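Heads up, the thing below is written out as structure tokens.
The values are calculated or read from the model by the stated rules, or taken from the named source; none is laboratory data. If you're wondering where the values come from, they're calculated on a predicted model, not measured in any experiment. Here the Cβ positions follow ideal geometry from the backbone for every residue, glycine too, while neighbour counts run over all protein chains shown.
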Amino acid sequence: MGVPKHVAIILDGNGRWAKAKGLPRTAGHAAGAKNVRKVVEAAYHMGIRYMTLYAFSTENWNRPEEEVAALMNLLDNYLKTCLAEAKKNNMRVRVIGDISRLDPAMQDKIRNLEEESANYTGFDLTFAINYGSRDEILRGVRKIAADVKEGRLDIKELEEETISRYLDTADLPDPDLLIRTSGEQRLSNFLLWQLAYTEFYFTPVPWPVFGEKELKEAVRVYEERDRRYGKI
Ligand code: FPP
């Protein structure tokens, strides 16, 4: 089957990487944000078609205020330059998660970026921001219930595929490979529905230094598993 079509990544270890270097956690996030560009470019050149990155979880609001502000600032800066990059590289950008809790100016930037890049077909980059899988499923179930109540959806036609359609990832294929950096081996409320058949790859390397070499290794392991066991 070759290169995975859709790779999802839980970006972890910015804080620990910074601490090990005697730097503040926010310096780790800045290095992590810089690394996003590099890894996306590497993925594109390797023939990966979709990449989904866990940038800010619903739980991340519980972090110290300055850290939340720093993360939001990095995301905002990234979004500012993202449209030019999307145009240059024929890249469609989406955000999944409940963006209604974000700063209104940031929401506008997100909507604008999604609209302006909607017809680009070379690569699909998705950021999960204020994302939690249970929250996404709950929002989807609420929409399903409202549509059933209003007669827009017949309960007899409710299938697994219907649920997929009501999630934030409605028009994305499920990931083939999930990577989590920095040693933890848990999902942290990321894409619970979508990862049902996905291969998992965990690496001790922290996100700021996870580069092309590490991505290639993850893909190599994926391809080997694929050759040995096939896909169910
Ligand atoms: C985990 O590191 C990472 C995050 C909380 C979010 C990832 C955010 C970025 C890479 C910066 C902004 C993103 C973009 C897309 C521009 P951690 O703080 O949990 O690390 P630790 O577990 O070592 O403390």
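Given the condition touching a strand residue (DSSP E or B) at 6+ places or on another chain (Cβ under 6 Å), closer than 30 Å to L138 by Cβ and more than 16 Å from the ligand (Cβ to nearest atom), answer yes or no: does some residue in the range 212-220 qualify?
No, the range 212-220 contains no residue that is touching a strand residue (DSSP E or B) at 6+ places or on another chain (Cβ under 6 Å), closer than 30 Å to L138 by Cβ and more than 16 Å from the ligand (Cβ to nearest atom).
Please specify each residue of the range 1-53 satisfying the condition of being of a type in the set (S, T, Y), farther than 17 Å from P64 by Cβ and not in a strand (DSSP E or B).
Within the range 1-53, just Y44 meets the criteria.
Any chance you could count how many residues in the range 68-98 are under 18 Å from the mean Cα position of the chain (by Cα) and assigned to a loop (DSSP other than H, G, I, E, B)?
2
Which residue is farthest from W61 (Cα to Cα), if the candidates are limited to the range 99-131 and must be outside any loop (DSSP other than H, G, I, E, B) and of a type in the set (F, W, Y)?
Step one: filter the range 99-131 for residues outside any loop (DSSP other than H, G, I, E, B), giving 99-101, 104-116, 123-131.
Remaining after also requiring of a type in the set (F, W, Y): 123, 127, 131.
Numbers: F123: 30, F127: 17, Y131: 11 Å.
In this case the residue turns out to be F123.
Out of (1) out of contact with any Pro (no Cβ under 9 Å at 6 or more places or on another chain); (2) touching a residue at least 24 places away in the same chain (Cβ under 8 Å); (3) within 11 Å of the ligand (Cβ to nearest atom), the odd one out for N14 is which?
Going through (1) out of contact with any Pro (no Cβ under 9 Å at 6 or more places or on another chain); (2) touching a residue at least 24 places away in the same chain (Cβ under 8 Å); (3) within 11 Å of the ligand (Cβ to nearest atom) one by one, N14 breaks only (1).
Residues are listed down the side, and each one gets a yes or a no for (1) under 20 Å from L125 (Cβ atoms); (2) surrounded by 14 or more Cβ atoms within 10 Å (Cβ to Cβ); (3) modelled with pLDDT under 95:
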residue	(1), (2), (3)
P173	yes, no, no
I179	yes, yes, no
Q185	no, no, no
F190	yes, yes, no
V219	yes, yes, no
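Does K109 satisfy being over 16 Å from the mean Cα position of the chain (by Cα), surrounded by fewer than 14 Cβ atoms within 10 Å (Cβ to Cβ) and either closer than 22 Å to H6 by Cβ or not β-branched (V, I, T) (or both)?
Answer is no for this residue.
Please indicate, with yes or no, whether at least one residue in the range 147-155 is in a helix (DSSP H, G or I), among the charged types (D, E, K, R) and at pLDDT 95 or above.
Within the range 147-155, one or more residues are in a helix (DSSP H, G or I), among the charged types (D, E, K, R) and at pLDDT 95 or above.
What's the total number of residues in the range 19-45 that are over 18 Å from the mean Cα position of the chain (by Cα), more than 8 Å from the ligand (Cβ to nearest atom) and not basic (K, R)?
Going through the range 19-45 one residue at a time, the tally reaches 7.
Could you please give the count of residues in the range 53-89 that are surrounded by 14 or more Cβ atoms within 10 Å (Cβ to Cβ) and more than 11 Å from the ligand (Cβ to nearest atom)?
5
Return yes or no: is R134 free of Cβ contacts under 8 Å to residues at least 12 places away in the same chain and either among the aromatic types (F, W, Y) or part of a helix (DSSP H, G or I) (or both)?
On the way: free of Cβ contacts under 8 Å to residues at least 12 places away in the same chain: no; either among the aromatic types (F, W, Y) or part of a helix (DSSP H, G or I) (or both): yes.
No.
If N119 meets every condition in (1) without any contact (Cβ under 8 Å) to a residue 40 or more places away in the chain; (2) of a type in the set (S, T, N, Q); (3) within 16 Å of the ligand (Cβ to nearest atom); (4) closer than 30 Å to K216 by Cα apart from one, which number is that one?
Unmet condition: (3).
Test I96 against the stated conditions and say whether it is among the aliphatic types (A, V, I, L, M), surrounded by fewer than 20 Cβ atoms within 10 Å (Cβ to Cβ) and under 19 Å from F56 (Cα atoms).
no
Could you run through the range 46-59 and say how many residues are under 18 Å from A18 (Cβ atoms) and without any contact (Cβ under 8 Å) to a residue 60 or more places away in the chain?
Number satisfying all stated conditions: 0.
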